[in-house]
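Visitor: Sharing a structure below in structure tokens format, with a few things to ask.
A short reminder: the numbers here are calculations on the coordinates, not readings from a lab. This structure is a prediction, so every number in the text was calculated from the model and none was measured. Positions of Cβ are backbone-derived with ideal geometry, glycine not excepted, and every protein chain shown enters the neighbour counts.
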């Protein structure tokens, strides 16, 4: 299988980045302070499913390839070299070969080689002796049949069928390379990477502290001496600390419209960005627990949702209605509005929807004097709790009485993964804007992240069909049809696609919020402080 290495070398990308940075005259040194909204369950990006982990720990690692950190929208064109210097597809698109960077060291001084790439992929695919405790993205790479070492600095991934999205998945902030010589257990508390920063301290519920990697392979990076992340679970307290100048940056995407107004009035020099981030609020229902094993009950719940009310209350009208994929123009794959309105629960006539939902529940024996009582589980942070309260209010319209059950972050993802809930309000962040990630991770029968136990083998065949389609427009039509069927099956009703704000002090330079993923922009190697 012939290969043509046609992608640009990282040296060229580094030269461009360096030229731009020099034009801004970046300064070296200083410690940046960013509050952390909660205490992540671990530091292992491969085992966790929240940007509470990728934000503090993405900068500890490198990928083979990565999305450009100074471009807002992740696209195939914005994928650049990282630990790989070049890559090429075989003529039949069944193999992807990477040439690796020479001289890269892990933080403990051991050399990075092709063996580490294979070890990482084997752990994700559960082929090696080392095992992850949790493996939420195993299905990302189910199409990779083998990882072949061609020498210390070259590796080939072999596929069972063409899959254009493979490179995009490898560019995600979740796709860090791990060392062969460090156990998964160690990576949870004392991770070893090749990235611009090293972990110096990780105290649960107190502090995450990173320090500069003095032997980072990229010349001149990082600019900062370190990053300190005090864990502040009360959002109001954190915002007050930012406005008082005690923090350099808010937790990314955590600023709501009311908080944004407060910041701009009390700290008018702050720089803020508010926009989409490819995170959706959704209703999860355990299909194994009666009476929610009845599809009619699930349909009634979907009909109770007033999406516009959620958006008006939580985001002052600044959020988006869509299916599983982020709506355009910020999203590449979202379906047209005309198609979306035909799906269950998406009719803007809310009164009609709820009347249909009540009729379903009353036919099943429920009513004003015989309400269905259920706990509505959610993660115990404001971004989850606030919409869960609204959801409980909406379910009352169809004779369901909900009780809020807040769950600590360290327990939340394990709880829903083992299906230890009945009804929940969840936030699902798509780690990249691609249907393969959204469909396989959230709706495939065997996915750990398929929290609602939705399983449709026939539809899953269509997942494979769209995945190997190289014609963009043909693939979009397949994607839209799949998404329509997912919503009509009430697999995981999407309530809205969130928008969020990030603010930083004017002394902070080099940060670019990304509009179609909240997971991929935290390498932090280009950030610098002008003070």
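Visitor: Once both axes come from the Cα atoms, what is the angle between helix 114-124 and the longest principal axis of the chain, in degrees from 0 to 90, rounded to 10?
Guide: It works out to around 10 degrees.
Visitor: As a test of the formula, what do you get for the chain when each DSSP H run with n ≥ 4 contributes -39,500 (n - 2.57) and the sum is divided by the residue count, at 222 nm and rounded to the nearest 500 deg cm²/dmol?
Guide: Estimated from H runs of four or more residues: -9000 deg cm²/dmol.
Visitor: OK, next. On the first, second and third principal axes, largest extent first, how far apart are the outermost C-alpha atoms of the stretch 86-237 in Å?
Guide: 55, 33, 30
Visitor: Still on this structure, please answer the following. Could you list the residues of the stretch 116-130 with an amide nitrogen less than 15 Å from a label point located 7 Å from the Cα of residue 186 in the Cα-to-C-beta direction?
Guide: In the stretch 116-130, the label zone of residue 186 (backbone N under 15 Å from the point 7 Å along Cα→Cβ) covers 116, 120, 130.
Visitor: Oh, and also: Between residue 337 and residue 403, what's the calculated FRET efficiency when r is the beta-carbon distance and R0 is 35 Å? Round to 0.05.
Guide: Efficiency, from the Cβ-Cβ distance: 0.50.
Visitor: How high is the relative contact order of the chain, given as a whole-number percent (alpha carbon pairs under 8 Å, six or more residues apart)?
Guide: So the answer I get is 23 percent.
Visitor: Calculate, in nm to one decimal, what residue 76 and residue 91 gain on full extension: separation in residues at 0.36 nm each, minus their alpha carbon distance. The partial results should precede the final answer.
Guide: Numbers: separation 15, 0.36 × 15 = 5.40 nm, distance 1.90 nm.
Working it through step by step, the gained length comes to 3.5 nm.
Visitor: Measure out, as a whole number of angstrom, how far apart the alpha-carbon centroids of the stretch 63-126 and the stretch 457-507 sit.
Guide: Cα centres, the stretch 63-126 to the stretch 457-507: 25 Å.
Visitor: In nm, give the distance between the simple-model label positions of residue 458 and residue 161, each being 7 Å from the Cα along the Cα-to-Cβ direction.
Guide: 1.7
Visitor: Using 0.36 nm per residue of separation minus the Cα-Cα distance, give me the extension gain between residue 488 and residue 352 in nm, one decimal.
Guide: Taking residue 488 through residue 352 to full extension adds about 47.3 nm, to one decimal.
Visitor: Moving on. Hey, what angle do you get for helix 457-467 against the long axis of the chain, alpha-carbon based, 0 to 90 degrees rounded to 10?
Guide: Roughly 40 degrees, rounded to the nearest 10.
Visitor: Evaluate E = 1/(1 + (r/R0)^6) for residue 207 and residue 530, where r is the Cβ-Cβ distance and R0 equals 30 Å; express this FRET efficiency to the nearest 0.05.
Guide: The pair residue 207/residue 530 has a calculated efficiency of 0.75.
Visitor: Given the Cα-Cα distance of residue 27 and residue 261 and 0.36 nm per residue of separation, how much length would full extension add, in nm?
Guide: Value of the extension gain: 81.2 nm.
Visitor: Output the peptides 359-367, 236-244 sorted from most to least packed, where packing is the average of other Cβ atoms within 10 Å over each peptide's residues.
Guide: Output ranking for 359-367, 236-244: 236-244, 359-367.
Visitor: Restricting to bridges with both residues inside the stretch 372-524, how much of the DSSP beta-bridge set is antiparallel, in percent to the nearest 5? Could the numbers behind the result be given before it?
Guide: Working: 0 of 10 bridges.
Rounded to the nearest five, the antiparallel share is 0 percent.
Visitor: Between helix 382-395 and the chain, what is the angle of the helix's C-alpha long axis to the longest principal axis, kept within 0 to 90° and rounded to the nearest 10?
Guide: 20
Visitor: Using a Förster radius of 45 Å, what is the FRET efficiency between residue 446 and residue 246 based on their Cβ-Cβ separation? Nearest 0.05, please. Kindly include the intermediate steps, with their values, before the conclusion.
Guide: Details: r = 46 Å, r/R0 = 1.03.
The value I calculate is 0.45.
Visitor: Would any residue of the stretch 408-426 have its amide N under 17 Å from a label point 7 Å out along Cα→Cβ of residue 288? List them or say none.
Guide: Flagged as within label range: 413-424.
Visitor: Give the peptides 63-70, 345-352, 51-58 in descending order of average Cβ contacts within 10 Å, highest first.
Guide: 51-58, 63-70, 345-352
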